[in-house]
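The values are calculated or read from the model by the stated rules, or taken from the named source; none is laboratory data. Fair warning: this is a prediction, and the values are worked out from it, not measured in the lab. Reconstructed Cβ throughout: ideal geometry from the backbone, glycine too, with neighbour counts over all protein chains shown.
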Amino acid sequence: MNIIREDVDALNAVLKVKVSTEDYQSKVKNTLEKYRKTAKIPGFRPGHVPMALIQKQHGKAVLADELNKIVNDGLYKYIAENKLEILGNPIPKEGTDIVGSFDQPADFELEYVIGFSPAIEIPLSAKSKYDYVKVKIDDALMNKQVEDLRRRYGKLISADEVGATDMILAQFLELNEDESIKEGGILHSSTISMEFVSDQKVAKSIVGKKQGDNVVVDPATVSRGGKDTAAMLGIQEEALATISAKFQMTINEIKRMEMAELNQELFDKLFGPDNVKTEEELKGRIAEDLKNMFANDSDRLLTNVIYKDLIEKTKVSLPDAFLKRWIKLSNEKPVTDEQIEAEYDAYAKSLKWQLIQGNIFKTNEIKLDQQEAIEFTKSLLVSNYAQYGIPAPEDAELTKSALSVLQNKEEANRIYDMLAEQKLTNYFKSTVKLNEKEVSYDDFVALASN
C-alpha cells in the first residue's frame, strides 16, 4: 500500500491511497475459503462448493470489506507514523469514486480528506491579571450560618397563631367569584410555609390568624410557581388555567420551628464530642468551613472568567467545511445540513475550548493518570460520608469503592473531567497574577450566576 499526502492549505489535506492486489489478495482468498467450508448450497456437499460459485455470491462484498479494513488500518498507521494532529477522522473525498473494478479486481486508488488540528498560541502569562473573588466572612454571614444550623437542628412545635416564618397545615376549598362555595370544586389539604409567601399583602392577611380561622386567598400567592401550586391543590399543572383564583384556606394546624439552643449538645452533634465547647469556637469552625467551601467556588469563578477570556482572545482557525461534513457522515442518526449549520457555532466553540485545554496540558506536561483518579475519587467519597455525618471506611475499603465507581464509564468520565478542571484551575492560579478581592455573599452569588 502506498499513501501520498497532498496539502490543500494549512488546515486541509488529501490522502491518496493506492492498494495493490498483494495487499488484499490473500485476505480475500482466506475469507472466501471460510465461506466455502460452511456454505450450504443444494447439490453440493458441505465444503465442496466450487470456489467460482462462492466468488460469484460473496466475492464483491468480501473484497469491499477487506479493502475497507486495509485502507482504514493503513490510514491510521500513516497518521500515527507521521505524527499528524488531525480533527475527527479521515473521510472519503467528496465527488470522487474508487478507481478500480470489483468485477476484475487489480489495483485500487482511493482519496480521503483530513482536517488538521490548528496551531494555537494561548494568550496567558505571568503578566495576565485576573480578580480572584472571595466571599467576605463578616458577622452578618456568620450569624446567618449559626441561625441556619439552629433551625436545622431545631424541632417543630405547635403555635397558637401564625407567625412570619411558620408552617401552616390548611384545607383549600375552591370558591366562586362571589366567594360562595363552588359546586364540585377542589377540596384538598396541604401545607404552606410563610417564608415563601412573597406577596406582603397576602402575608399580612394571614399572620396573626389562629387555628380554625379562614382566609380567602389566590393559591398562586401562597405557593412557589405552577408545579408547587398544582401539588398544593392536588391537581395536574395543566388544570391550573381552569380553576378559580379564589380559595378558602382554613387553618387546621400551625407549626413553628423552635431553634436549637447554642449548647454543648448542639456542638457535639455538629462536630463530635467536646471538639467545640463555646460559641466563639463554633463561629471559628464555621468560618473555617465557609472559607474552604467558598475557596472552591472562588476557584470555579476564576476558571470560568479565564475560560471566557481565552475563548474570546485565542485565535483558532478550524477546517469548518471538513468538520461539517465529518459531523454529517459520523452521526449515528441522519442529520440535515440545516441542523448542522444551526448547531455548528456551539460545536466549534466547544471544540475550540478542547483545543485550548489540550494545548495547555501538552505544553505544561499536565497529565491525568489512574492513580490520581483513584485518590480523587476517594476524596469525593470521604466528602460524601462527611456530608451525612458518617465516618469514612478504612483506606482499603475506600480504594475498593473508588475502583468500583471508576468502572462505570459515565461516572469515570465525570470524575476525570472534574480532575482535569482542578488541574486547569491550579495551572491558572500558578500562572496568572491574581488580584484578591473580597465581596459580600450576595454580590458573590450575583457574580457566579453571571
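Observations, loosely collected:
To keep it simple, each residue is scored yes or no on (1) at pLDDT below 90; (2) in contact with a Cys (Cβ under 8 Å, 6 or more places away or on another chain); (3) among the aliphatic types (A, V, I, L, M); (4) under 30 Å from Gly272 (Cβ atoms).
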| site | (1), (2), (3), (4) |
| --- | --- |
| Leu355 | no, no, yes, no |
| Lys367 | no, no, no, no |
| Tyr385 | yes, no, no, yes |
| Ile390 | yes, no, yes, yes |
| Pro393 | yes, no, no, yes |
| Glu421 | no, no, no, no |
| Leu424 | no, no, yes, no |
| Lys437 | no, no, no, no |
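- Neighbours by Cβ (under 6 Å, 6+ apart or cross-chain): first from the stretch 1-27, closer than 11 Å to Phe108 by Cα and modelled with pLDDT of 90 or more; second part of a helix (DSSP H, G or I) and of a type in the set (Asp, Glu): none
- Tyr76 vs. criteria of a type in the set (Phe, Trp, Tyr), over 30 Å from Asn435 (Cβ atoms) and modelled with pLDDT of 90 or more: yes
- Test: Lys315 is within 28 Å of Asp131 (Cα to Cα) and not in a helix (DSSP H, G or I): yes
- Among the residues of the stretch 53-96, the one identified as among the hydroxyl-bearing types (Ser, Thr, Tyr) and under 34 Å from the mean Cα position of the chain (by Cα) is Tyr76.
- Condition check for Met293 on (1) within 30 Å of Gln264 (Cβ to Cβ); (2) surrounded by 12 or more Cβ atoms within 10 Å (Cβ to Cβ); (3) hydrophobic (A, V, I, L, M, F, W, C); (4) without any contact (Cβ under 8 Å) to a residue 60 or more places away in the chain: one failure, at (2).
- Strands (runs of 3 or more DSSP E) completely within the stretch 155-207 that count 1 or more residues being under 25 Å from Ala241 (Cα atoms): 167-174, 187-193
- Single residue of the stretch 439-450 satisfying the filter (farther than 14 Å from Tyr307 by Cα and polar (S, T, N, Q)) that is modelled with the highest pLDDT: Ser440
- Count - residues of the stretch 9-31 that are surrounded by 13 or more Cβ atoms within 10 Å (Cβ to Cβ) and either touching a Cys at 6+ places or on another chain (Cβ under 7 Å) or assigned to a loop (DSSP other than H, G, I, E, B) (or both): 1
- Within the stretch 32-57, considering residues that are crowded, with 16+ Cβ neighbours inside 10 Å and of a type outside the set (Lys, Arg), the one modelled with the lowest pLDDT: Ile54
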